[in-house]
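Following: one structure in structure tokens, then a few remarks.
Nothing in this text is a laboratory measurement; each read-out follows from the coordinates by a stated rule. In this text the structure is predicted, and so the values were computed from the model without any measurement. Cβ: placed from backbone, ideal geometry, glycine included. Neighbour counts: every protein chain shown.
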Amino acid sequence: MIQIENNSQNTTPEFDPNEESLLPIALASLRNYVETNTLKNELHEAIEAMEAMKLELYEEREKTNLEREKGRRDILTGLFNQGAFEEKYQSIFENIEDNQVMFMYFDLDKFKQLNDTHGHDEGDKALKLFSEIMIGVLDDVVRKDDVFAARKGGDEFAVIIEPEAKKNDENIDGRRNHVDMNAMKSRIQTELVRRTIDTKMQGLGVSIGFASFREEGFEEETPLEFRKRVDSRLYHDKETKDSRNKQILELVKD
């Protein structure tokens with residue numbers, strides 16, 4: 001009798017007890033993976049929410065600052081207004097120590113006559129033109145950060161200068177350089193007359209008073225006395241406005 005040998009193998013894997021001990025580890029790893037990635041997603045969402053909140057707070061702060069700055073500005077000229085000027089003036093003299101401070105007052109000559117004759121629109125043009133001239137001259141001489149220019153109201157303007165150095169000075173050695181106030185005054189007055197020749201604004205001029213705080217001869221003056229001294233010099237200059245403006249006009253036409 002012929003015997004047939006069965007060579008077929010049993011396909012059922014034998015049970016390895018070691019594999020059973022790995023199952024909890026695998027499940028724990030899978031659970032940790034899921035939890036870690038869930039945490040990452042939650043953390044990412046939280047960061048995005050915080051960034052959005054940060055941006056919202058920044059935009060709100062910028063909006064608040066912009067509104068506050070608008071409240072400190074003169075609508076017509078863009079210069080600081082009376083309230084901002086008073087705030088600046090007070091803050092300077094609260095911490096003045098030995099800092100150099102220069103102060104200028106401006107009052108337009110014959111502005112009321114211009115308004116009465118040609119109307120407020122022409123008057124507004126004159127105010128904007130003068131502001132442009134004043135800032136242009138100051139910017140040529142003094143650093144922008146050293147100047148605080150304001151329209152105090154009507155046709156009155158004021159400038160506070162805290163110079164550390166003249167603009168474009170190549171020899172800054174820590175000393176405060178002299179700013180020629182007389183030269184600035186002359187340039188502003190001459191430029192205003194020149195820019196208004198043959199216009200409805202012809203005849204317009206500007207009287208200017210200026211001084212440096214506690215300069216020679218006024219070492220003990222108070223901030224109030226300083227302000228009054230500048231104001232007095234303004235009105236002294238206004239007393240000569242007719243002859244001064246006539247002389248400037250003749251020089252400009254030549």
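What's the exposure ranking of 57, 249, 138, going from fewest to most Cβ atoms within 10 Å?
By the 10 Å Cβ count, ascending: 57, 249, 138.
Fewest Cβ neighbours within 10 Å first, please rank 229, 151, 194 accordingly.
Neighbour counts put them in this order, fewest first: 194, 229, 151.
Pairs 112/246; 112/253; 88/200: which exceed 29 Å Cα-Cα?
Result: 88/200 exceed 29 Å.
How do 190, 38 line up, fewest other C-beta atoms within 10 Å first?
38, 190
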